[in-house]
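Q: Below: one structure in structure tokens.
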Amino acid sequence: SPIDVDTDEGGNIYVSDSVLGAVFVFDPEGELKGHIGEGRLHRPTGIAIDHAAHRLYAVDTLRSVIEVFDLNGTYHATIGSHGGGEGQFNRPTFVALNLKGELYVSDTMNHRVQVLGSDGRFIRTFGKVGDQVGDFGSTRGIALDAEENVYVSDTLFNALQIFDKNGQLLLVIGGNGTGRGQ
């Protein structure tokens, strides 16, 4: 059950598999090189590679943590724990990195985005549960652009919401329905 994919500077491909409980590593030609996190990851979903630090961040949704490995597969740290406080998660799903190595985490069942330092220290959060524009129902995918605008997909609202790096809503794309743009 592949969920997310990222690449390193050498062109190796990393794929999280939520059923097999590991991140599989393929060379640029698609040959399996190995796996990371087997036995440690229970339900890996989102992954992100910090190219500068040569680290892999893997969201373990079932355990509500982020596991940190080097690109050779050596475990380095666990970020977060289950809960609703700062730096705690409730079924997080995806993660993205900015150029400073800060993590933007879609904290799905806490209905928010958390921003953490690469060491796991809490920086800020934005979002809340609700049904208004700018609120979250079920955050999933998360990405950043060059200006650090934050793109968050929400499966409950069938929409993509775009925020600035401080969590101010900029734009909503999509919505429930079957028409164009929905």
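Q: Pairs only if they're at least six apart or on different chains, beta carbon under 9 angstrom, first in the stretch 59-72 and without any contact (Cβ under 8 Å) to a residue 12 or more places away in the chain, second not in a strand (DSSP E or B); list them, first residue then second.
A: Listed pairs, sorted by first residue: N72/H54.
Q: Then there's this: Note down all Cβ pairs under 6 Å where the first residue falls in the stretch 139-156 and is farther than 16 Å from A48 by Cβ, the second is among the polar types (S, T, N, Q) and buried (at least 22 other Cβ atoms within 10 Å of the Cβ), and they're at least six residues apart or on different chains.
A: D154/T139
Here's the yes/no breakdown for (1) within 24 Å of D164 (Cα to Cα); (2) touching a helix residue (DSSP H, G or I) at 6+ places or on another chain (Cβ under 8 Å); (3) of a type in the set (A, V, I, L, M, F, W, C):
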position: E38; (1), (2), (3): no, no, no
position: L56; (1), (2), (3): no, no, yes
position: L62; (1), (2), (3): no, no, yes
position: G85; (1), (2), (3): yes, no, no
position: V95; (1), (2), (3): yes, no, yes
position: K100; (1), (2), (3): yes, no, no
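Q: Oh, and also: Given the options H76, H42, name the one that is out of contact with any Cys (no Cβ under 9 Å at 6 or more places or on another chain), free of Cβ contacts under 8 Å to residues at least 40 places away in the same chain and assigned to a strand (DSSP E or B).
A: Details: H42 fails: assigned to a strand (DSSP E or B).
So the residue among H76, H42 that is out of contact with any Cys (no Cβ under 9 Å at 6 or more places or on another chain), free of Cβ contacts under 8 Å to residues at least 40 places away in the same chain and assigned to a strand (DSSP E or B) is H76.
Q: For the stretch 16-39, enumerate the residues that are in contact with a strand residue (DSSP E or B) (Cβ under 6 Å, 6 or more places away or on another chain), assigned to a loop (DSSP other than H, G, I, E, B), open to solvent by 20 Å² or more (accessible area, probe 1.4 Å) and under 22 Å from I79 (Cα atoms).
A: E38
Q: Next question. Identify the single condition in (1) more than 24 Å from S64 (Cβ to Cβ); (2) charged (D, E, K, R); (3) open to solvent by 60 Å² or more (accessible area, probe 1.4 Å) that D145 does not satisfy, given that it satisfies every other one.
A: It is condition (3) that D145 fails.
Q: If you don't mind, another one. Can you name the residue in the stretch 148-169 that is of a type in the set (S, T, Y) and farther than 20 Å from K100 by Cα and, of all such residues, is surrounded by the fewest Cβ atoms within 10 Å (Cβ to Cβ)? Please lay out each step first, then the result.
A: Filtering the stretch 148-169 for residues of a type in the set (S, T, Y) gives 151, 153, 155.
Those left that are additionally farther than 20 Å from K100 by Cα: 153, 155.
Details: S153: 20, T155: 13.
Ranking the candidates gives T155 first.
Q: Checking V172 against (1) closer than 27 Å to E67 by Cβ; (2) surrounded by 13 or more Cβ atoms within 10 Å (Cβ to Cβ), which single condition isn't satisfied?
A: (1)
The values are calculated or read from the model by the stated rules, or taken from the named source; none is laboratory data. Every value quoted in this text rests on a predicted model; they were computed, and no experiment measured them. A quick note on method: Cβ atoms are made from the backbone with ideal geometry, for glycine too, and the neighbour counts reach across all protein chains shown. With ligands, DNA and RNA removed, areas are computed over all heavy atoms of the protein, side chains included. Shrake-Rupley method; radii C 1.70, N 1.55, O 1.52, S 1.80 Å.
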